[in-house]
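The structure under discussion appears below in the form of structure tokens.
Just so you know, all these numbers are worked out from the coordinates, no wet-lab data involved. Remember, predicted model here, so these are calculated numbers, not experimental data. In this analysis, Cβ positions are derived from the backbone assuming ideal geometry, glycine residues included, and neighbour counts consider all displayed protein chains.
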Amino acid sequence: MQVETTADIDDIDVALLRALAADATRSASDLGRSLGLSQPATWRRIKRLRDAGILGQKRLRIDAEAAGFGVTVFLGIKLARKAPVSLEDFERVVGAIPEVQTVDHVLGLYDYRVRVVARDLADFERVLRRRIMTLPGVGDVEANVLLSEERLPGPI
């Protein structure tokens, strides 16, 4: 089986991707109606996009604030050079912290960008002091509190 590249995406695929990005729960027949396609043609396109690796798994997006987590903080974490720890080990332990939503290995001043949610600032301080700062290999940490967020559709 040949894997298709992004060059194989046509305007209908782009419209389909945008519609799925807005609401991944829509049925193939509903999507097809909005795109002028039949349900089987829409399903074949979705399957082709999945097989090509363009569409990944569906994920449920939870509104953290509505769930009682009113504070989001982005941490820049620089690993200490004196206490070497493998990147895989660090990613595994920081990713196991329930309040951590994402762990991104980045290039720049910090080694990692970590998104943390907490109920309030006092709860965040507890997570930072008891969970993040006690991890092996943690060196410098910078915290940036999220004030507002606007989600943009991206290149598709």
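Length gained on full extension, Asp120 to Asp8, computed as 0.36 nm times the residue gap minus the Cα-Cα distance: 35.7 nm. Which FRET efficiency, nearest 0.05, do Leu135 and Ala24 yield, Cβ-Cβ r, R0 30 Å? About 0.35, to the nearest 0.05. Of all lysines in the structure, those lying under 25 Å Cα to Cα from Lys47, and not within fewer than 8 positions of it along the same chain, are Lys58. The structure shown yields Kirkwood radius over Cα pairs in Å, and of the options (i) 15.9; (ii) 18.6; (iii) 19.5 that calculated value carries the label (ii). Compute the distance in nm between two label points, each set 7 Å from the Cα along the Cα-to-Cβ direction, one at Gln57 and one at Asn144. Going by the 7 Å Cα→Cβ label model, 2.9 nm. The label point for Arg151 and the one for Ala96, both projected 7 Å from the Cα toward the Cβ, are 3.0 nm apart. Distance from the alpha carbon centroid of the range 63-107 to that of the range 23-54 works out to 35 angstrom.
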